[in-house]
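Down below is the structure, laid out as structure tokens.
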Amino acid sequence: MRTATITRKTAETDITVQIDLDGTGRYDNQTGVGFFDHMLDQLSRHALIDMTIRATGDLHIDDHHTVEDVGIALGQALTQALGDKRGIRRYGSCLLPMDDAQLRAALDLSGRPFLVWNVDMPTAKIGSFDTELVREFFQAFATHGGITLHVDRLHGFNSHHIAEAAFKAVARALREAVEPDPRRADAIPSTKGTL
Ligand SMILES: [Mn+2]
């Protein structure tokens, strides 16, 4: 079973993440940050990863700690659920349009965290949500998920669409990368023999 449960508690946040990589995209995400829940739901739905997240954070300060720490916990959950990565495709990519926005995501479940983030947001806010937190989330997720992650904005003028297309593009790329490769069912997809 490629599942994981991570509980992470600090002075700033208290988070539980449950995922199933072989799910159907069922989700129940409650972080106290409405727009962020909407994004996590996209990640689950389009990666076909079942996802239950509960987060209680210091939102009286701002959303930063909650968003970053969910990224950390979700990355840790991915790492745990993937195990030794035997039989996966490893790489995934997606070119995703959403109205005015077009985003490209390319990722490698390499175990070598690296984020290339070329996603300018035209506005500082989406409602009450700080748009810079989208990058903070993916930085934390890539670091703790051991992901080489590249995300580029090719077009777009609406910050909601750009952010949402980024989550959907990463989700579709992730779906591809974590899927079993039937031609390599028992192999770790690296000439080094380890990932
Ligand atoms: Mn939306």
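Check whether at least one residue in the stretch 142-164 is among the small types (Gly, Ala, Ser), within 23 Å of VAL70 (Cα to Cα), within 16 Å of the ligand (Cβ to nearest atom) and not in a loop (DSSP other than H, G, I, E, B), and report yes or no. Explain how you work it out, then say what you get.
Step one: list which residues in the stretch 142-164 are among the small types (Gly, Ala, Ser), which gives 142, 145-146, 156, 159, 163.
If we keep only those that are within 23 Å of VAL70 (Cα to Cα) as well, we get 142, 145-146, 159, 163.
Imposing the further condition that a residue be within 16 Å of the ligand (Cβ to nearest atom) reduces the set to 159, 163.
If we keep only those that are not in a loop (DSSP other than H, G, I, E, B) as well, we get 159, 163.
Yes, the stretch 142-164 has at least one match.
Going through the stretch 165-175 one residue at a time, which ones are more than 16 Å from the ligand (Cβ to nearest atom) and small (Gly, Ala, Ser)?
The answer is ALA173, and nothing else.
Please go through the stretch 127-141 and pick out each residue that is within 16 Å of the ligand (Cβ to nearest atom) and either basic (Lys, Arg) or touching an Asp or Glu at 6+ places or on another chain (Cβ under 9 Å) (or both).
SER128, PHE129, LEU133, PHE137
Go through the stretch 38-52 and give me each residue that's surrounded by fewer than 20 Cβ atoms within 10 Å (Cβ to Cβ), more than 11 Å from the ligand (Cβ to nearest atom) and not in a loop (DSSP other than H, G, I, E, B).
If the condition is that a residue be surrounded by fewer than 20 Cβ atoms within 10 Å (Cβ to Cβ), more than 11 Å from the ligand (Cβ to nearest atom) and not in a loop (DSSP other than H, G, I, E, B), then ARG45, ASP50, THR52 are the ones that fit.
Let's see how each residue does on (1) touching a strand residue (DSSP E or B) at 6+ places or on another chain (Cβ under 7 Å); (2) crowded, with 19+ Cβ neighbours inside 10 Å; (3) at pLDDT below 95; (4) farther than 17 Å from ARG45 by Cβ:
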residue	(1), (2), (3), (4)
GLU132	no, no, no, yes
ALA140	no, yes, no, yes
ALA173	yes, yes, no, no
ASP186	no, no, yes, yes
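State whether one or more residues within the stretch 1-13 are at pLDDT below 95 and over 16 Å from the mean Cα position of the chain (by Cα).
Going through the stretch 1-13, the residues at pLDDT below 95 turn out to be 1.
Filter once more, keeping what is over 16 Å from the mean Cα position of the chain (by Cα): 1.
Yes, the stretch 1-13 contains a residue that is at pLDDT below 95 and over 16 Å from the mean Cα position of the chain (by Cα).
Might you check whether a residue that is open to solvent by 10 Å² or more (accessible area, probe 1.4 Å) and either within 14 Å of the ligand (Cβ to nearest atom) or part of a helix (DSSP H, G or I) (or both) occurs anywhere in the stretch 104-117?
No, the stretch 104-117 has no match at all.
Which condition does ILE147 not pass, out of (1) open to solvent by 10 Å² or more (accessible area, probe 1.4 Å); (2) in contact with a helix residue (DSSP H, G or I) (Cβ under 8 Å, 6 or more places away or on another chain), if it passes all the others?
(1)
Out of everything in the stretch 6-34 that is hydrophobic (A, V, I, L, M, F, W, C) and in a strand (DSSP E or B), what residue ends up being surrounded by the fewest Cβ atoms within 10 Å (Cβ to Cβ)?
Among those residues, the one meeting the criterion is ILE6.
Can you tell me which residue within the stretch 53-62, out of those that are surrounded by 21 or more Cβ atoms within 10 Å (Cβ to Cβ) and in contact with a Ser or Thr (Cβ under 6 Å, 6 or more places away or on another chain), is nearest to ALA173 (Cα to Cα)?
Just the residues of the stretch 53-62 that are surrounded by 21 or more Cβ atoms within 10 Å (Cβ to Cβ), to begin with: 53, 55, 57.
Narrowing further to those that are in contact with a Ser or Thr (Cβ under 6 Å, 6 or more places away or on another chain): 55, 57.
Values: ALA55: 25, GLY57: 29 Å.
My answer is ALA55.
Going by the conditions given, is VAL116 without any contact (Cβ under 8 Å) to a residue 40 or more places away in the chain and among the β-branched types (Val, Ile, Thr)?
Criteria met by VAL116.
Listed here are the residues, each with its yes/no results for (1) over 24 Å from SER128 (Cα atoms); (2) β-branched (Val, Ile, Thr).
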site: THR3; (1), (2): yes, yes
site: ILE19; (1), (2): yes, yes
site: VAL33; (1), (2): no, yes
site: HIS38; (1), (2): no, no
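Quick one: in the stretch 63-103, of everything that is among the charged types (D, E, K, R) and under 26 Å from PHE35 (Cα atoms), which residue is surrounded by the fewest Cβ atoms within 10 Å (Cβ to Cβ)?
First, pick out the residues of the stretch 63-103 that are among the charged types (D, E, K, R): 63, 68-69, 84-86, 89-90, 99-100.
Among the residues that remain, those that are also under 26 Å from PHE35 (Cα atoms) are: 63, 68-69, 99-100.
Numbers: ASP63: 21, GLU68: 19, ASP69: 22, ASP99: 14, ASP100: 12.
This residue is ASP100.
The values are calculated or read from the model by the stated rules, or taken from the named source; none is laboratory data. What you see is a predicted model; the values in this text were computed from it and never measured. All Cβ positions, glycine included, derive from the backbone under ideal geometry; neighbour counts span all protein chains shown. For the accessible areas, the whole protein counts, side chains as well, though only heavy atoms, and no ligand, DNA or RNA atoms are used. Shrake-Rupley method; radii C 1.70, N 1.55, O 1.52, S 1.80 Å.
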